[in-house]
Amino acid sequence: MEGNTAPVFDLDTQSAETISNVAGNQNVYLDGVRRRAAAMGRAAAAIGLALCFGGLGLLAATIVRTTQGLLGDLNGAGIDSPYTRYVSGLWLPTVIVLAVGVVLVRFGRLYASR
């Protein structure tokens, strides 16, 4: 064999006109823009994670308040209707904080990985 022989690729069929990922580094780096976007993505993911944990704390507080109100009436005069009277007023902020936290984590991970 001679010194510098190029590799040969034999294909039975090919759907595309060219094969572009045979050899070499196929990653395209956008130095400054990528680093800035990745940093912002990591920050958004960190904020989202903090909001998720805060939302879980609010969820626990909502469950405790709702249970206390329900058990207080159950042990007292009895349960009244409507049932919405027993649900703590924290349920709406809890849902909002959890939803925003999940969305920020997902978007943050998306931008941090690009």
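The values are calculated or read from the model by the stated rules, or taken from the named source; none is laboratory data. Model, not experiment: these values are computed from the prediction. Neighbour counts are summed over all protein chains in view; Cβ atoms, including those assigned to glycine, are modelled from backbone coordinates with ideal geometry.
Data table
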item: Near pairs, Cβ below 6 angstrom, 6+ apart or cross-chain, from the stretch 52-65 (of a type in the set (A, V, I, L, M, F, W, C)) to any residue that is not in a helix (DSSP H, G or I); result: LEU58/LEU90; ALA61/LEU90
item: Residues within the stretch 69-114 that are under 30 Å from ARG36 (Cα atoms) and surrounded by 12 or more Cβ atoms within 10 Å (Cβ to Cβ), tallied; result: 17
item: Hey, GLN14 at pLDDT below 85 and farther than 30 Å from LEU110 by Cβ or not; result: yes
item: ASP73 vs. criteria among the acidic types (Asp, Glu), modelled with pLDDT under 90 and assigned to a helix (DSSP H, G or I); result: yes
item: Which listed residue, of THR66, THR62, is closer than 30 Å to GLY108 by Cβ, surrounded by 15 or more Cβ atoms within 10 Å (Cβ to Cβ) and among the polar types (S, T, N, Q); result: THR62
item: Condition met for VAL33 (surrounded by fewer than 10 Cβ atoms within 10 Å (Cβ to Cβ), within 30 Å of LEU104 (Cβ to Cβ) and at pLDDT below 75); result: no
